[in-house]
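Asks: Okay, here's the structure, questions in a sec.
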Amino acid sequence: MIYFISDTLSYAKQFENGTIEQAVEYCKSKKVLGVDTETEGFDFTCKKMIMFQIGDEDHQFIIDTRFVSIEPLREVLESKDIIKLFHNAKFDYKFIKRWANIECENIYDTFLAEQVINCGKDVRYSLAHVCERYLGVKLNKEIRNRFIGLTGQPYTDDQIVYGAKDVEYLCQIRKKQLPIIGEYKLENVVQLENDAVLAFADIEYNGLDIDKESWTGLAKICEEQAIELKENLDTLVLNDVRLEKFVPKYVQGDLFMEQEQIRKLDIKWTSPTQVLKVFKTLVPELDNVNGKEMYKYRRKFNLIDKYVKYKEKMKIATSYGTAFFKFVSSDSKIHTSFHQILDTGRVSSSKPNMQQIPASNDFRNCFTAPTDWCFVSSDYSSQELNVIAFGSKDPVWIKCLEEGQDLHSVCADLVYAKEWRDAAEADCAYMKSKAKCNCSKHKKLRTNVKTINFGLAYGMGPNKLADTLDISIAEAKELIEKYFEAFPSIGGFLDKLASFGKKYGYIKTFPPYNRRRWFTTWYPNIWNSQADKRELGSIERASKNTPIQGASADMTKLALHYIREFIKETNAPVKMVMTVHDQIDTICEIDYADKWVVKMTELMEKAALVVVTNGLLKADTNISKSWEK
């Protein structure tokens, strides 16, 4: 039965006139409820929630929020005993919080559950696709789109039915999902994602303040540096006899410019096609000028090195110039949008992508805390290395972490042996206490091994290592072989993961979450096929890196949940404002900062202990006035 609640009469006999009190009374007696909203648009900061739907398969209450407040439903929505079903909960949560000042608790997101179930598969996750997949129902998008821009007009009957059916479908979808979740033992990771989505929603809702003036100044500097690099590129071409065919014999003059100001080349350095023609003169086998290819040759050719730097500066000047301000919302803040579950379980963000803000703190420092507030940010110290050590149980790595030794230097010592010892200078800190030293030769050897250490989390092979270190593939293979001779436990751990993925067609993260990533190209006995060597290699790499990255993501999401719970339970003067990989950023009142540093560190390490149970993974928490890496 559909109950329509508004200040007007029911539009048709198929709907019952209802009251908000009836809705509250009915919903309070249920353990599971579907919840949905319809809004004027997608930006919660300026577009309103105009319809709110709640109920189950038997009864649905459609509330016209333009005229009726949902405040009486606060007890239901904030109850930790009643499960509220959403599809893409972050969207609805932000509108409910913005326009009703209610924070939903104990939610089940059918969107996230479906992503957990099908992680790695080429599957679509919109409500329309999920309804069709599970229920054989096709949603009418045209009706949904008619809510956009709707202001005071009455709802049509089909709009009311559409809203009611969404609630009904959520209940039916969950019933279909639960047996699959149970079959694959995904209960813990589904609960984790449902807990974490509330934290991600709060981060998106709170947003970040941006200092536009400082940002614009940085962008201008980058633009000037890009212009200077373009002039350097021109000069290098003009002075290289191999490239003289790209220098025109005659240059068009200009009555209003000095002769020395006239550009003597017509190469557009922003055109990949033109740049490729130039670079093929230097590297005939080159077939594109993307980042990967350029990094292979930048150390060999000054022109290519300058081009890479030019592209980097141009990207910053264009992507992070004044064009970035299109992401500033009506409340003058930046509100990113998180994609909570990638194939490994990690998180990405868009509109804007906050994970790709330039690596230096210059741009990050443009995101500031309000007056009398400060940033308190915490990240895990060598998170992925700790996960590898825990998974492999390598005695050297474990000892390094237990005793606070410099892991990369210890690894380099074992890999390079006599070469490492002979490279030690007089006051080498490593030789005294196994700390990181400043010996010039040690730095290079340490960097080589550090690249392998971190590359383990991404399934790095000899080709990638060769590109990164600018060495031959043969040298890279030899270095990797020496590495695994020194650390057989790590090699065995990674090989075991790769074998599992090849054998079963999926890989799991560490307990207690056991997140699964499916390999859609897998089939039985794929390891015996010569035809699918490339696919097999892809499965091996993903099988090695997914448990490492996924376990890291799991504990960070758990930390987000713990932090949000603490803030709410204690009414702490703290807001969550950002997370990037293993770092969580909050702002808090300055007077509370010292206490919050201690508590935030405790919550981060409590979350780590659930996955890396040896207790060696620690968090580093700092106070600052602006956002920092």
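The values are calculated or read from the model by the stated rules, or taken from the named source; none is laboratory data. Given the structure is predicted, the values throughout are model-derived calculations rather than measurements. Positions of Cβ are backbone-derived with ideal geometry, glycine not excepted, and every protein chain shown enters the neighbour counts.
Asks: Which condition does Lys599 not pass, out of (1) in contact with a strand residue (DSSP E or B) (Cβ under 8 Å, 6 or more places away or on another chain); (2) farther than 21 Å from Ile548 by Cβ, if it passes all the others?
Replies: The failed condition is (1).
Asks: Can you tell me how many residues in region 505-530 are at pLDDT 95 or above and either within 25 Å of Leu407 (Cβ to Cβ) or not in a loop (DSSP other than H, G, I, E, B) (or both)?
Replies: Of the residues in region 505-530, 9 are at pLDDT 95 or above and either within 25 Å of Leu407 (Cβ to Cβ) or not in a loop (DSSP other than H, G, I, E, B) (or both).
Asks: Can you spot a residue in region 617-628 that is under 18 Å from Pro512 (Cβ atoms) and either in the same structural domain as Ala369 (by TED's automatic domain parsing) or more than 21 Å from the chain's Cα centre (by Cα) (or both)?
Replies: Yes, there is a match, as at least one residue in region 617-628 is under 18 Å from Pro512 (Cβ atoms) and either in the same structural domain as Ala369 (by TED's automatic domain parsing) or more than 21 Å from the chain's Cα centre (by Cα) (or both).
Asks: Exactly one of (1) within 30 Å of Tyr310 (Cβ to Cβ); (2) free of Cβ contacts under 8 Å to residues at least 12 places away in the same chain is unmet by Lys138. Its number?
Replies: It is condition (1) that Lys138 fails.
Asks: So, one more: Name the residues in region 438-472 that are among the hydrophobic types (A, V, I, L, M, F, W, C), farther than 24 Å from Ser552 by Cβ and at pLDDT 85 or above, would you?
Replies: Cys439, Leu445
Asks: Do we have any residue at all in region 141-160 that's surrounded by 22 or more Cβ atoms within 10 Å (Cβ to Cβ), small (Gly, Ala, Ser) and either closer than 30 Å to Lys575 by Cα or out of contact with any Ser or Thr (no Cβ under 8 Å at 6 or more places or on another chain) (or both)?
Replies: no
Asks: Looking at Val376, Val387, which is the one that is part of a helix (DSSP H, G or I), in contact (Cβ under 8 Å) with a residue 40 or more places away in the chain and either in the same structural domain as Thr546 (by TED's automatic domain parsing) or in contact with a His (Cβ under 7 Å, 6 or more places away or on another chain) (or both)?
Replies: Result: Val387 is the single residue among Val376, Val387 that is part of a helix (DSSP H, G or I), in contact (Cβ under 8 Å) with a residue 40 or more places away in the chain and either in the same structural domain as Thr546 (by TED's automatic domain parsing) or in contact with a His (Cβ under 7 Å, 6 or more places away or on another chain) (or both).
Asks: Another question about this same structure. Output the residue which, of all residues in region 338-371 that are farther than 21 Å from Val189 by Cα, touching a residue at least 40 places away in the same chain (Cβ under 8 Å) and in a strand (DSSP E or B), is nearest to the chain's Cα centre (by Cα).
Replies: Phe367
Asks: Restricting to region 576-629, name every residue that is more than 21 Å from Ser360 (Cβ to Cβ) and in a loop (DSSP other than H, G, I, E, B).
Replies: Val612, Thr613, Asn614, Gly615, Leu616, Leu617, Lys618
Asks: Looking for something under 23 Å from Glu103 (Cα atoms) and of a type in the set (Lys, Arg) - is there at least one such residue anywhere in region 164-175?
Replies: yes
Asks: Can you tell me how many residues within region 165-210 are touching a residue at least 40 places away in the same chain (Cβ under 8 Å) and over 17 Å from Asn88 (Cα atoms)?
Replies: 12
Asks: Please enumerate the residues belonging to region 498-538 that are surrounded by fewer than 22 Cβ atoms within 10 Å (Cβ to Cβ) and aliphatic (A, V, I, L, M).
Replies: Selection gives Ala498, Ile526, Ala531, Leu536.
Asks: Let me ask another. In the set Asp209, Asp195, which member is in contact with a His (Cβ under 9 Å, 6 or more places away or on another chain) and either at positive phi or at pLDDT 95 or above (or both)?
Replies: Asp195
Asks: For Ser543, all conditions in the list (1) in contact with a Leu (Cβ under 6 Å, 6 or more places away or on another chain); (2) part of a strand (DSSP E or B) hold save one; what is the number of the exception?
Replies: Against the list (1) in contact with a Leu (Cβ under 6 Å, 6 or more places away or on another chain); (2) part of a strand (DSSP E or B), Ser543 comes up short only on (2).
Asks: Another one. Considering only region 106-130, state which residues are surrounded by 17 or more Cβ atoms within 10 Å (Cβ to Cβ) and not in a helix (DSSP H, G or I).
Replies: Passing the criteria: Ile107, Tyr108, Asp109, Asn118, Cys119, Gly120, Tyr125.
Asks: Taking region 286-300, which residues are within 17 Å of Ile471 (Cβ to Cβ) and part of a loop (DSSP other than H, G, I, E, B)?
Replies: Listed by number, the residues that qualify are Arg298, Arg299, Lys300.
Asks: If you check Glu224, Glu168, Glu204, Glu193, which single one turns out to be in a helix (DSSP H, G or I) and surrounded by fewer than 16 Cβ atoms within 10 Å (Cβ to Cβ)?
Replies: Unique residue meeting the criteria: Glu224.
Asks: Filter the strands (runs of 3 or more DSSP E) completely within region 20-64 down to those with at least 1 residues that are closer than 28 Å to Ser332 by Cβ.
Replies: Ranges flagged: 32-39, 49-55.
Asks: Got at least one residue in region 67-77 being farther than 30 Å from Phe327 by Cβ, touching a helix residue (DSSP H, G or I) at 6+ places or on another chain (Cβ under 7 Å) and either in a strand (DSSP E or B) or not assigned by TED's automatic domain parsing to the domain that holds Leu150 (or both)?
Replies: No, there is no match, as no residue in region 67-77 is farther than 30 Å from Phe327 by Cβ, touching a helix residue (DSSP H, G or I) at 6+ places or on another chain (Cβ under 7 Å) and either in a strand (DSSP E or B) or not assigned by TED's automatic domain parsing to the domain that holds Leu150 (or both).
Asks: Quick one: how many residues across region 344-383 are of a type in the set (Asp, Glu) and either surrounded by 21 or more Cβ atoms within 10 Å (Cβ to Cβ) or at pLDDT 95 or above (or both)?
Replies: So the count comes out to 2.
Asks: To continue, here is another question. Here are Lys94, Lys80, Lys84: which of them is over 21 Å from Gln153 (Cβ atoms), under 30 Å from the mean Cα position of the chain (by Cα), assigned to a helix (DSSP H, G or I) and not small (Gly, Ala, Ser)?
Replies: Unique residue meeting the criteria: Lys94.
Asks: Considering only region 92-124, state which residues are over 20 Å from Glu565 (Cβ atoms) and aliphatic (A, V, I, L, M).
Replies: Ala100, Ala113, Val116, Ile117, Val123
Asks: Shifting gears a bit: Where in region 393-440 are there helices (runs of 4 or more DSSP H), lying fully within it, with 3 or more residues that are under 17 Å from Ser382 (Cβ atoms)?
Replies: Where helices (runs of 4 or more DSSP H) fall fully within region 393-440 and carry at least 3 residues being under 17 Å from Ser382 (Cβ atoms), they are 395-403, 407-416.
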